[in-house]
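Novice: Please find one structure pasted underneath; my questions will follow.
Read the figures in this text as sums done on the coordinates, not as results from a lab. Being a predicted model, the structure only gives us computed values, none of them experimental. When we count neighbours, we look across all protein chains shown, and the Cβ atoms used for this are built from the backbone with ideal geometry, even at glycine.
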Amino acid sequence: MRLLIVDDSVVKAQLIQKILSKNLSIDTEIVNSAETCLDKLKIESNKPILEYNLVLMDINLPGMNGIEVTKRIRAHEKYKDLPILMITSSNDDSFIDMAFNAGATDYINTTPIRQTELIARVNAALRLGSEMERRKKREEELLETTRILNMMNRYLENISSHDPLTNVYNRRYFDQFLESEWKNIPKSKEPLSLLMIDIDFFKSYNDEYGHQAGDSALKKFSNMLNEIVTRARDIVARYGGEEFAIILPRTNSKGAKHIADEICKKIYSLEIQHKHSPFSNFLTCSIGVATQYTESWLRDKQEEIILKADKALYKAKEKGRNQAIVYQESY
Ligand code: GH3
Ligand code: MG
Ligand code: MG
């Protein structure tokens with residue numbers, strides 16, 4: 001424990017020092033002016049080190065008085081909780097109010113010095129200081145724990161909603177998202193579109209180039225999907241295997257078909273070699289598009305849009321792959 005005594009009366013300061021050193025296990029240091037006190041506390045520097053546990057401050061210092069010094073110390077963030085015990089040598093109580101307003105922790109009248117009271121008040125101020133320190137540390141620990149927990153939560157949220165290989169949304173998130181957007185259709189009075197996408201002849205791609213190359217193609221493919229689907233409410237999800245799904249809220253059939261065509265063109269332009277593809281040297285995909293309009297919307301029937309998009313996808317495969325087909329009732 002370190003204590004700083006600020007008093008222009010050397011005799012009084014030394015007497016206080018003697019009493020405290022004899023009765024408490026603390027190191028005391030004496031300074032005789034406001035300026036030296038502020039120097040010791042490194043008030044002017046941006047990062048003062050908290051070296052003292054308590055300051056005993058004489059109110060009547062020459063030049064800047066003890067109340068002013070206390071205000072200066074308190075203004076510093078670092079010294080917000082440092083206990084400052086004011087020493088008054090007069091019986092003029094008008095100073096007491098000013099001292100507390102300036103941020104003093106307590107005061108003690110030292111004319112005359114009453115040993116027991118001095119020790120008790122110093123002890124109490126030191127205890128208060130330690131308690132403040134402990135509380136600050138606990139708050140910091142709590143903040144750190146909250147930060148780590150938030151980070152973990154974000155991580156868990158991410159792994160529970162994303163596909164680990166491609167980092168697009170996973171099937172579970174797709175189901176939840178479709179359900180909530182489905183419910184929103186009547187309120188938004190806007191259609192919702194769904195794209196079911198399947199990579200063509202992917203089995204033979206794996207057979208030819210190996211599973212790792214297959215994985216890497218899936219990553220390239222999903223990155224490409226994310227580049228095309230950029231509107232805030234749209235989502236890309238891995239539906240399973242080499243199948244992907246895209247939910248496009250507030251999008252009509254024409255808009256959805258436009259995006260689907262873009263995807264077909266883009267995957268082809270990536271020129272991912274696939275020499276065993278029967279009609280192309282490059283990897284291609286087929287897409288089924290289905291749209292739900294408000295007029296024919298039925299609650300709890302969201303699986304119907306999946307079925308429709310699936311049927312359209314089947315049609316695209318049937319028609320020769322590498323194309324997007326919009327669902328029609330006749331399918
Ligand atoms: P089609 O044009 O009719 O869609 O033919 P296809 O070969 O793409 O379809 P099929 O369903 O027969 O095969 C899908 C293949 O996708 C099977 C499997 O080898 C591959 N596949 C599925 N998931 C993964 C994966 O996570 N990594 C890799 N590398 N391959 C996968
Ligand atoms: Mg498939
Ligand atoms: Mg396929």
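Novice: On each of the three principal axes of the Cα atoms of the chain, give max minus min coordinate, whole Å, ordered largest first.
Specialist: 106, 48, 31
Novice: Label the range 2-140 by shape, choosing from rounded, prolate and oblate, from the square roots a ≥ b ≥ c of the eigenvalues of the Cα gyration tensor; if a/c is under 1.5 it is rounded, and otherwise prolate applies when a/b is larger than b/c, oblate when it is not. Display every interim value, and only then the final one.
Specialist: Values: a/c = 1.44, a/b = 1.20, b/c = 1.20.
Since a/c stays below 1.5, the shape of the range 2-140 is classed as rounded.
Novice: For the range 246-294 and the range 1-57, what is the centre-to-centre distance using only Cα atoms, to the nearest Å?
Specialist: 77
Novice: Hey, another quick one. How large is the charge dipole for the range 171-326, taken about the Cα centre, if only the Cβ atoms of Lys, Arg (+1) and Asp, Glu (-1) carry charge, to the nearest 20 debye? Please list the in-between numbers first.
Specialist: Numbers: 25 positive and 22 negative charges, 79 e Å.
It comes to approximately 380 debye.
Novice: Given an 8 Å cut-off on Cα distances and at least 6 residues of separation, report the relative contact order of the chain as a percent. Let's see the in-between values first.
Specialist: On the way: 520 pairs, mean separation 41.0, N = 331.
Relative contact order comes out at 12 percent.
Novice: In percent, what relative contact order does the range 2-140 have, based on Cα pairs under 8 Å that are 6 or more apart in sequence?
Specialist: On the way: 205 pairs, mean separation 30.1, N = 139.
Answer for the range 2-140 is 22 percent.
Novice: Tell me which trypsin sites (Lys or Arg not before Pro) from the range 1-80 have a DSSP coil assignment and no more than 13 other beta carbons within 10 Å of their own. Please report the intermediate quantities before stating the final value.
Specialist: On the way: sites: ARG2, LYS12, LYS18, LYS22, LYS40, LYS42, LYS71, ARG72, ARG74, LYS78, LYS80; in loops: LYS42, LYS80.
Of the trypsin sites (Lys or Arg not before Pro), the ones in loops of the range 1-80 whose Cβ has at most 13 other Cβ atoms within 10 Å are LYS80.
Novice: Determine the sum of side-chain charges near GLU318: Lys and Arg each +1, Asp and Glu each -1, restricted to other residues whose C-beta is under 15 angstrom from that of GLU318. Please report the intermediate quantities before stating the final value.
Specialist: Working: positive: LYS311, LYS315, LYS317, LYS319, ARG321; negative: ASP198, ASP200, ASP310.
Neighbour charge sum, excluding GLU318 itself: +2.
Novice: For the chain, with only Lys/Arg (+1) and Asp/Glu (-1) charged at the beta-carbon, what is the dipole magnitude about the Cα centre, in debye rounded to 20?
Specialist: Working: 47 positive and 48 negative charges, 140 e Å.
The calculation lands at about 680 debye.
Novice: Would you mind checking which residues have amide H under 5 Å from LEU61's amide H? H placed 1.01 Å from N; only 5 or more apart, or other chain.
Specialist: Here GLY66 satisfy the definition.
Novice: Could you tell me which of the pairs LYS219/LYS308; LYS266/LYS317; LYS187/LYS311 are separated by over 21 angstrom between their Cα atoms in the structure shown? List each step's numbers first, then the result.
Specialist: Working: LYS219/LYS308 26 Å; LYS266/LYS317 18 Å; LYS187/LYS311 28 Å.
Exceeds cut-off: LYS219/LYS308; LYS187/LYS311.
Novice: Next question, about the same structure. Would you please state which residues of the range 231-263 a label at LEU165 would reach in this model, taking the label point 7 Å out along Cα→Cβ and a backbone N cut-off of under 13 Å?
Specialist: Residues 238-244 fall inside that zone.
Novice: Give the residue from ASN167, ALA125, PRO83 lying farthest towards the positive end of the charge dipole for the chain; charges sit on Cβ (+1 for Lys and Arg, -1 for Asp and Glu) and the dipole is referred to the Cα centre.
Specialist: Of ASN167, ALA125, PRO83, it is ASN167.
Novice: Another question, if that's okay. Would you work out which of ILE148, ASN46, ILE306 lies farthest towards the positive end of the dipole of the chain? Charges go on Cβ: Lys and Arg +1, Asp and Glu -1.
Specialist: Going by the charge dipole, the pick is ILE306.
Novice: Size of the dipole of the range 2-140 about the Cα centre, Lys and Arg at +1 and Asp and Glu at -1 on the beta carbon, nothing else charged, in debye to 20? Kindly include the intermediate steps, with their values, before the conclusion.
Specialist: On the way: 20 positive and 21 negative charges, 112 e Å.
Value, rounded to 20: 540 debye.
Novice: Quick one: if the Förster radius is 45 Å, what FRET efficiency do ASN184 and LYS319 give, using the C-beta to C-beta distance and rounding to 0.05?
Specialist: Efficiency, from the Cβ-Cβ distance: 0.85.
Novice: Here is a further query. Test of the criteria: in the range 118-218, which trypsin sites (Lys or Arg not before Pro) are in a DSSP loop and have at most 16 other Cβ atoms within 10 angstrom of their Cβ? Working shown, then result.
Specialist: Working: sites: ARG121, ARG127, ARG134, ARG135, LYS136, LYS137, ARG138, ARG147, ARG154, ARG171, ARG172, LYS183, LYS187, LYS189, LYS203; in loops: LYS189.
Within the range 118-218, the qualifying trypsin sites (Lys or Arg not before Pro) (loop, at most 16 other Cβ atoms within 10 Å) are LYS189.
Novice: Can I ask one more? Can you give the longest stretch of the chain with no exposed loop site, where a site means GluC sites (Glu not before Pro) in a DSSP loop (not H, G, I, E or B) with at most 12 other C-beta atoms within 10 Å? Display every interim value, and only then the final one.
Specialist: Working: sites that count: GLU44, GLU51, GLU271, GLU295, GLU329.
Result for the longest clean stretch: 52-270.
Novice: For the range 2-140: lysine pairs with Cα atoms under 19 Å, gap of 8 or more or different chains, count?
Specialist: 17
Novice: Now a separate question. Modelling each spin label as a point 7 Å along the Cα-to-Cβ direction, I'd like the LYS78/ASN206 distance in nm, to one decimal.
Specialist: So the two model labels end up 6.3 nm from each other.
Novice: Lys/Arg Cβ at +1, Asp/Glu Cβ at -1, dipole of the chain taken about the Cα centre: which of SER280, ALA99, VAL10 is farthest positive-ward?
Specialist: Checking the options against the dipole of the chain, the answer is SER280.
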